[in-house]
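Here's the structure, in structure tokens; my notes come after.
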Amino acid sequence: MNVCTYTPSPVIVVTMKVHLANWRDQALLWIIRPPRWAVLAIVFTLFFVRGFFLYDPDFGWHLAAGEYIRASGIPEHDIFTYTARSFPWIDHEWLTDVLTSYVYQVGYWLVAALHALAWTAAFMIAGWKLKYRSALVLAAVIALPYAGVRAITVSVLFSALLILIVRLRRWYWLMIGLMLVWANMHGSFVLGFAYIGLETLRLHWKRPLRWAALLAAVAVTFINPYGWHMYEEIIRTMTDSSLHLQVSEWQPWQVDALFGTYAGFWGALILFAGFKWKRLLHLDVLLFAMSLMSGRHIPLFIVFSLYELSKLKLPYTFSFAPLWRERGIRIGLTLLASVLVGGLVYSVGRYVSLPPTPAAPYAPEQVAYLAEHPCPGRVFNHYNFGGYMIWQLPDVPVYIDGRMPSWTNEDGVKYMDTYLSVSDDATIRDVEFARYDVRCVLWYRDEDLSTALIEKGWQVMPSSDETFVLLEKP
């Protein structure tokens, strides 16, 4: 019996290898440089999921502030606490709060969608011409912990718009109007001065009109409900060293594998394009250093770095590179693609599955119990719960909330320092509780304060669970 065997010709073998190589190259190229519509959809989805499924701890007081301003005007002092009623509160986000309160009348989903749209627009504006578009996805994944329905959305969006105005040099004077609006929406408008100043110094230092535009942009920022006092609040926050240690997002060295990958990608491409010393005058370099000192600056570094990367003249492919170099680049791009896909899956899974409800981290059941069963005295609350309580219990003043880390009382003592002392020191706690007639405490179940009060006979209210505890003084 004759068995027929088939041996492919060398031509067919070569053709198959070429097709296989082309398929692999096309897949890798799609991952590294996907279509803009795919990047747009992925980035928007990431930011919307982050904002919709997890409330920001400060969202509550922002919403309440917007509603108060619409009804009664700009407050002259604090209106939400019983500890700082005489403090001259400067709401440097007053216009953002008002706009949020209007949009919220339609639904929280629209607030989340608009914030996601703003984050997406900022990233796409900054990185529109970026050849390796998958870096936009990696950048979005890195920014997620700092994103959501938060006031920093204004900083990110207006930074991107300022980049656009400076890039379109015929519209340079539009930045004056932009700075006017920015100064009434968030105190980060001072970042705009840094960018305009560096760009003018670097490119247009001999043109008087550019310097005149910068001075005009500074002047219009004084057109706000607080006048020059707006800068008082900004300086207080920027110079508060203890703030950078007590509040998590202000803490230094928040570097993980994803941020390290992006920073390495950014630095490597800049070196590949040819580094010059004047490159140090670009704002992304300064913001990179600031990101190492405070995680809060990471999204701003990402926006400006995306723009700088998009200006580099880099090849789309490396098909003409030497064989050894081509293989090394392929390996590196493959690893980068793996990080992108893994980070995307991890981030979506984390922000969808982590909170059972958007309010889960802020003791919602215990706050609801207080709404139905008011405390006979004042409530001493955890710092993390203050914003949510202001939102859900408008008639119940809180001890502290997210606005107050840098505030000081009449004696020059920070409210945050007193709060921490009350949490840790029983003697100070007794004095403070007697001073304000504190008869309820809303806290975490497994922390020392809860244990100490329960041992002293404070009653555990029925709404308490394994995570949060509501205590009442007998």
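Throughout, read-outs are computed from the coordinates displayed, never taken from laboratory work. Because the structure is a prediction, the values reported are computed rather than measured. We place every Cβ from the backbone using ideal geometry, glycine too, and count neighbours over all the protein chains shown.
A few notes on this one:
- Likely footprinting exposure, D56, D401, fewest C-beta neighbours within 10 Å first: D56, D401
- Reach of K278 by Cα under 19 Å, taken over lysines that are not fewer than 8 positions away in the same chain: K206, K311, K313
- Given +1 at the Cβ of Lys and Arg, -1 at the Cβ of Asp and Glu and no other charges, the dipole of segment 360-472 around its Cα centre is 220 debye to the nearest 20.
- Contact order for segment 124-281, expressed relative to its length and based on alpha carbon pairs under 8 Å spaced 6+ residues apart, stands at 21 percent.
- The magnitude of the dipole of segment 86-234, with charges of +1 and -1 set on the Cβ of Lys/Arg and Asp/Glu and taken from the Cα centre, is near 1060 debye.
- Cα gyration tensor category, rounded, prolate or oblate, for segment 360-472 with a/c compared to 1.5: oblate
- Scaled against 2.2 N^0.38 Å for its residue count N, the alpha carbon radius of gyration of segment 143-279 is 1.21.
- Each of D424, D240 was scored by other Cβ atoms within 10 Å of its Cβ. Arranged with the fewest first, they read D424, D240.
- For segment 36-353, the pair-distance distribution built from all alpha carbon pairs, in bins 10 Å wide starting at 0, is 5, 24, 34, 24, 10, 2, 1, 0 percent.
- Listed by chain and number, the aspartates and glutamates whose C-alpha is less than 18 Å from the C-alpha of K276, apart from same-chain residues fewer than 8 away, are E199, D284, E308.
- Since only L54, G187, L214 are under comparison, the one whose Cα sits farthest along the positive direction of the charge dipole of segment 36-353, derived from C-beta charges on Lys, Arg, Asp and Glu, is L214.
- Each Cα pair under 8 Å and six or more residues apart adds its separation to the average, and for segment 360-472 the resulting relative contact order is 27 percent.
- Computed over segment 36-353: relative contact order in percent, which uses C-alpha pairs under 8 Å that are six or more apart: 23 percent
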